[in-house]
Structure formats: structure tokens, C-alpha cells
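A short write-up of the structure that comes next.
The values are calculated or read from the model by the stated rules, or taken from the named source; none is laboratory data. This structure is a prediction, so every number in the text was calculated from the model and none was measured. All Cβ positions, even for glycine, are placed from backbone atoms using ideal geometry, and neighbour counts span all protein chains on display. To get the accessible areas, we keep the full protein, side chains included, count just its heavy atoms, and leave off ligands, DNA and RNA. Shrake-Rupley method; radii C 1.70, N 1.55, O 1.52, S 1.80 Å.
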Amino acid sequence: KTPLEVVPELPSAPKCLFVLREPGTQIHSLYSYFRDNWSWIPADMSFTEYLAAARDGTHDFKGNELARNAFAYARYIDYLEPWADRLGPDRMMVTTFDELRSDP
């Protein structure tokens, strides 16, 4: 079973905190990490070139799903809506990493 199937049904009715990164920052971080530490994004590919290739699907990034689908993974609403439907607003808080860092 997935967390989405289990957590909402727990008898303790836990509240869930979702900490997100600003989508552009998240994509740039992914790009930098995969380009500088792995070979999934070519070392000579600029960020602008990466964005175009990821958007247009013109590069397979050696099969790396995260690099290939960076825009989809930065669309947080697709992941948050099912949680909101299952938990309701009283059991769910969404914040950004920057907000949490500035006001812990």
C-alpha cells in the first residue's frame, strides 16, 4: 500500500506537513546536481538548453525519469490534490522550504 492509502486511515488521524521548493529553484537544483554529479545531463548543456530539451522531450537524459520529467515533478498540485481530497484542510499544511527556513 502507498502512504496516500495508509496515512489518512490511521486511527491517530495525523496531520501532514508538505514542504515544497519554489518550482524554478527545484528544477535548477535538479539540473545542477545531475549535470555536476552524474552523467544524466551533459556537462556542456546550459540551463536554458536543458529547459528546452525537457519541455520539448528532445533528450532522453540517459533514461533518467527525474531529469526527463522535471516540469511534471515541479507541478506540485498534481501530488497535493489527492492528499487534500483524502485528508481535508484540517489535517494538511503546505509550506515552502524558504518560508520554513525564514520562520521555523
Worksheet, complete the sentence: Counted residues in the stretch 87-98 being open to solvent by 70 Å² or more (accessible area, probe 1.4 Å), assigned to a helix (DSSP H, G or I) and touching a strand residue (DSSP E or B) at 6+ places or on another chain (Cβ under 9 Å) come to 1
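Per-residue answers, yes or no, for (1) of a type in the set (Asp, Glu); (2) at positive phi; (3) touching a Pro at 6+ places or on another chain (Cβ under 6 Å):
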| residue | (1), (2), (3) |
| --- | --- |
| LEU17 | no, no, no |
| TRP40 | no, no, no |
| ALA74 | no, no, yes |
| LEU80 | no, no, no |
| GLU99 | yes, no, no |
Worksheet entry | Output for the stretch 58-77, where each listed residue is loosely packed, with under 11 Cβ neighbours inside 10 Å and over 30 Å from VAL94 (Cα atoms) | THR58, GLY63
Discussion item. Exactly one condition in (1) under 21 Å from the mean Cα position of the chain (by Cα); (2) under 13 Å from LEU87 (Cβ atoms); (3) outside any helix (DSSP H, G or I) is false for PRO14; which is it?
Written reply: (1)
Worksheet, complete the sentence: Residue set SER46, SER39, SER32; condition surrounded by fewer than 16 Cβ atoms within 10 Å (Cβ to Cβ) and in contact with a helix residue (DSSP H, G or I) (Cβ under 7 Å, 6 or more places away or on another chain); output residue SER39
Worksheet item: Which numbered condition trips up THR48, out of (1) more than 19 Å from the chain's Cα centre (by Cα); (2) in a loop (DSSP other than H, G, I, E, B)?
Response: (2)
